[in-house]
Amino acid sequence: MDLVFRSLLCIFAGDLNKKTMKGKQILLINDMAGYGKVATAAMLPILSYMGHPTYNLPTALVSNTLDYGKFNLMDTTDYMCGVFPVWKELGFSFDAIATGFIASERQAAVVSNYCREQAALGTVVFVDPIMGDDGKLYNGVTPSTIASMREMVSVADLIFPNMTEACYLTDTPYKKEGVTWKEARQMVDRLRNIGSKSVLITSMPVDGQTSVVGFNHMIGEYFLLPYEEIPVHFPGTGDMFSAILIGHLLNGAPLKQSTRTAMDALYMLIDLNKDNEDKNRGIPIEQYLGVISEKR
C-alpha cells in the first residue's frame, strides 16, 4: 500500500489514531482579501484553532470582498513561481493542501503541477472550485476560470463545489428548483470523471430539500445530508465550511461525519450573525471560534 493511498484511506474512512493526526501541516492556496472575512482570512483562524499549523500562499490580493461590487485585484502568479523553488530548496512539505480561488489558467497550471508533485509525496489535496453561486458566476470570474478549475479538480482527493459550480464544471444546466437524488448522483459521477476522487456538492436542492450530496471513494458510499437554510447571505461561508470540514478530517473523523459537523457549525455561525448590519464583510470568525468545537 503506497503512501498516498494509505493517507487517503485514513482520512476519508476516519480510520486513524486521532493523536497522530493532530497538528497536521496544511497549506492554503487561496486569495487574500484586505477587507472582509473570506478565503484565507476566514480559513486560517479556523484551522489554527483546530490545532493544525496553517501556512498560506495567496493566489491574488483583493481589496475587499466582491459583494461590494467594486474591487481591485492583483494576480500573484509571478510571485508564486518564485516561491515554489525556494520551498523546494528549503525542504518544506505539507500533510495537506487546500486550494480555493484561482486567478488565471496559467496560475491553475502552476498550482496543479505543485499539487501533483506534493501528492506523490503523500500530501492530500482539497479543492474548492470557487466560481459562483445561485446559477451565476461571481464578479470578476470569466469563462476561462472554468477550464482552470477543471484542471484543479483533476488533481484533487476531495472537492466541494456548490451546485452552481458543479453545473459549470460538468456543463450541466442549472435548475433553480433542484434535482432528483438520481440526478444528484449523476452529477457527482461527472465530477469524478474529471478526476476528483471524493466529492461533496453543497447548496443542492434534492427532491425538494436543500442538501449536501457526497461520495466517499474509499468506501464507495454516496450520501445525502439535508439541512435548513437561513435566508441571509454572507461571503466566506463556503470557506468556513471548507475549513471546518478539513480540520475535522485531519483530526481523524470520517468524511460523512465531518461534513455533517461542518454543516451544523456553519448554521450556528450564520444564525449568530444574521442580524449584522454589513453582511458584505463576512462573519467575524475570530469572535466565534468556540462554535466549531461545540457539541450538537
Residue count, segment 228-264 (criterion: part of a helix (DSSP H, G or I) and either open to solvent by 10 Å² or more (accessible area, probe 1.4 Å) or out of contact with any helix residue (DSSP H, G or I) (no Cβ under 8 Å at 6 or more places or on another chain) (or both)): 11
Being modelled with pLDDT under 95 and either closer than 21 Å to residue 30 by Cβ or not charged (D, E, K, R) (or both): is that true of residue 293 here? yes
When the residues of segment 78-94 are narrowed to those that are assigned to a helix (DSSP H, G or I) and under 12 Å from residue 114 (Cβ atoms), which ends up most open to solvent (accessible area, probe 1.4 Å)? 88
Taking segment 151-169 on its own, how many of its residues are open to solvent by less than 20 Å² (accessible area, probe 1.4 Å) and not in a loop (DSSP other than H, G, I, E, B)? 11
Applying the selection to segment 36-76, what residues are open to solvent by 30 Å² or more (accessible area, probe 1.4 Å), of a type in the set (Ser, Thr, Tyr) and more than 24 Å from residue 93 (Cβ to Cβ)? 63, 68
Segment 95-133, residues that are under 19 Å from residue 25 (Cα atoms), of a type outside the set (Gly, Ala, Ser) and open to solvent by less than 20 Å² (accessible area, probe 1.4 Å): 97, 99, 111, 114, 115, 118, 123, 124, 125, 126, 127, 128
Return the total of residues in segment 119-150 being in a helix (DSSP H, G or I) and either modelled with pLDDT of 95 or more or of a type in the set (Asp, Glu) (or both). 0
Quick one: which of 198, 211, 203 is within 18 Å of the chain's Cα centre (by Cα) and farther than 20 Å from residue 99 by Cβ? 211
Please go through (1) modelled with pLDDT under 95; (2) within 25 Å of residue 122 (Cα to Cα); (3) not β-branched (Val, Ile, Thr) for residue 69 and return the number of the only condition it doesn't satisfy. (2)
Pairs needed: first member in segment 271-284, of a type in the set (A, V, I, L, M, F, W, C); second member anywhere, open to solvent by less than 40 Å² (accessible area, probe 1.4 Å); C-beta distance under 6 Å; at least 6 residues apart or different chains. 283/234; 283/269; 283/273
Any idea how many residues of segment 185-227 are in contact (Cβ under 8 Å) with a residue 60 or more places away in the chain, part of a strand (DSSP E or B) and under 20 Å from residue 12 (Cα atoms)? 2
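The values are calculated or read from the model by the stated rules, or taken from the named source; none is laboratory data. Quantities reported herein were computed from a predicted structural model and do not represent experimental measurements. Positions of Cβ are generated from backbone atoms using ideal geometry, with glycine treated the same way; all protein chains shown enter the neighbour counts. Accessible surface is based on the protein model in full, side chains and every heavy atom, while ligands, DNA and RNA are left aside. Shrake-Rupley method; radii C 1.70, N 1.55, O 1.52, S 1.80 Å.
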